[in-house]
Amino acid sequence: AVGYLFALTSWKDKLNMYPLPFARIGIREQAKELAVSASYTFNTTGKLSLSDYDILLGNFCGGVGTVSILLLLISAVILLFRRDISLGAFVGAVAGNVFMSVVCPVTSDISDTLKYVFTTNMTLFATIFIISDIRTTPHKSYYSFYYGLFTALISYALLLTTGIENLSVIIAVLLTPLALALKKLEDKIKYLKSTETIVETVKQNNELSEEIAADISVENDDISEIASDAIKEINEISGNNVS
């Protein structure tokens, strides 16, 4: 993702131009005609005329591996079941985009906005493979949920105001330090809680030891009294026998 951002910064005009769908290009040939991505069209005009079939199979201009929506959905399901990505971050990112699409739709039809928000700008790709990466997201589901939600809200807001392509990837990379900071904070809280637990356990053991020592002291006193009484009785019996 960082490499993509570097290339995007250096060769933005060339990197965001794509061959047309179904164009036949030889290995050593260059595409005769390049076109802007569907993301650019959606961001600048708010209009796209793509069928659901073309969207699912990725028959539109965009980055390789990021427009095959059906394959991305299958990948998401598999990775979620294998727990290779964070469920909290994934749900948070989806919820953030859904919320913004309903509150501030790009098109007049909310359903079209929802469809194109997730299928363009590498949104679904970034949600699965960057935002939900368990190596960077916090451990707890509610921490990772708010991280994913916050990332989606920022990406959508900047999409409305700037129209920059593939903002989901850009914002996800820029906010990765925030995710790592939350993860570090979470580990620190966990360490402090474990330390408090150890201290409390030691304190309880000390209190228990003091209670046991007090009980033993009482029992020793009782035994001493019983022994003294027994000695007195034995002396009395011995004196009676002598007399």
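The values are calculated or read from the model by the stated rules, or taken from the named source; none is laboratory data. Nothing here was measured: the structure is a model prediction, and the numbers come from that model. Just so you know, the surface numbers come from the protein's heavy atoms only, side chains and all, with ligands and any DNA or RNA stripped out. Shrake-Rupley method; radii C 1.70, N 1.55, O 1.52, S 1.80 Å.
For the listed residue pairs Lys12/Lys32; Lys115/Lys183; Lys12/Lys47; Lys12/Lys115; Lys14/Lys115, the alpha carbons are over 30 angstrom apart in Lys115/Lys183. Straight Cα distances below 27 angstrom link Lys184 to the lysines Lys140, Lys193, with same-chain residues fewer than 8 positions distant left out.
With 5 Å bins beginning at zero, the pair-distance distribution over Cα atoms of the range 48-138 amounts to 3, 14, 23, 22, 21, 12, 4, 1 %. When the alpha carbon gyration tensor of the range 1-159 is reduced to an equivalent ellipsoid, its three semi-axes come out at 27, 19, 15 angstrom, largest first.
When a/c is below 1.5 the answer is rounded, else prolate if a/b is larger than b/c, else oblate, so apply that to the range 1-65 with a ≥ b ≥ c taken from the square roots of the Cα gyration tensor eigenvalues. Oblate, since a/c reaches 1.5 and b/c is not below a/b. A 1.4 Å probe run over the protein chains yields, for the range 1-144, 60 Å² of accessible area per residue, whole-number rounding. Ligands, DNA and RNA left out, the accessible area of the range 96-199 computed with a 1.4 Å probe is 71% carbon and sulfur.
Applied to the range 143-148, the Karplus parametrisation 6.51 cos²θ - 1.76 cosθ + 1.60 on θ = phi - 60° returns per-residue 3J(HN,Hα) values of 5, 5, 4, 5, 5, x Hz, with x for Gly and Pro.
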